[in-house]
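Notes to accompany the following structure.
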Amino acid sequence: MIPAHWTAHHREEDGEVLGYLRPEGGGAYVPVNPFGQPLGHAASEHEARGVLDDQGLASLAELWHMTLPGRAEPVTVRIVEVTPEHVRVANADYGFEEADIGHVFVLDVPARLQDVRGGVQDRAVTGGDQAEPGLGPG
């Protein structure tokens, strides 16, 4: 579940949640997408909100890597649905024989997913409140 001390950032036009501001102390915030993945460095509130305006929802369209217990290689997944409690991801990895393409996994939020481009794109992460994901049937 998204921690209560994170501040939701909404799109002005329709109120859609673009992500959250995760406080880092000293007036700095890390912008995180709707499932808790950091999108940038700790910055001022204004700068962090700008990152969410630019990248918050767009990050949901990307491919992500999910790590599974007992499996050395991550599984490539697509985001299907995000709520403050769960993110549903679908298997998009033809090399993952344990589940069909499209098989849905349910992860607790904040979810630990890795951007397939090697991290949070070129965005560093500082600190965090992220817990290990819970896997459940989709």
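The values are calculated or read from the model by the stated rules, or taken from the named source; none is laboratory data. Please read all numbers here as calculations on a predicted model, not as lab measurements. Ideal geometry is used to build each Cβ from the backbone, glycine not excepted, and the neighbour counts take in all protein chains shown. Only protein heavy atoms, including side chains, enter the accessible area calculation; ligands, DNA and RNA are left aside. Shrake-Rupley method; radii C 1.70, N 1.55, O 1.52, S 1.80 Å.
Residue-wise test of (1) among the hydroxyl-bearing types (S, T, Y); (2) outside any loop (DSSP other than H, G, I, E, B); (3) at pLDDT 85 or above; (4) farther than 23 Å from V17 by Cβ.
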| residue | (1), (2), (3), (4) |
| --- | --- |
| H65 | no, yes, yes, yes |
| G95 | no, no, yes, yes |
| I101 | no, no, yes, yes |
| Q130 | no, no, no, no |
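Hey, could you check the stretch 10-30 for residues that are in contact with an Asp or Glu (Cβ under 8 Å, 6 or more places away or on another chain) and in contact (Cβ under 8 Å) with a residue 12 or more places away in the chain and say which is most open to solvent (accessible area, probe 1.4 Å)?
Here the answer is R11.
Take the residues in the stretch 40-61 that are at pLDDT 90 or above and part of a loop (DSSP other than H, G, I, E, B), then tell me which one is most open to solvent (accessible area, probe 1.4 Å).
It comes out as H41.
If you check V80 against the conditions, is it open to solvent by 20 Å² or more (accessible area, probe 1.4 Å), part of a helix (DSSP H, G or I) and β-branched (V, I, T)?
Judged against the criteria, V80 is not a match.
Of everything in the stretch 48-70, what is without any contact (Cβ under 8 Å) to a residue 12 or more places away in the chain and of a type in the set (D, E, K, R)? Give them in sequence order.
Answer for the stretch 48-70, where residues must be without any contact (Cβ under 8 Å) to a residue 12 or more places away in the chain and of a type in the set (D, E, K, R): just D54.
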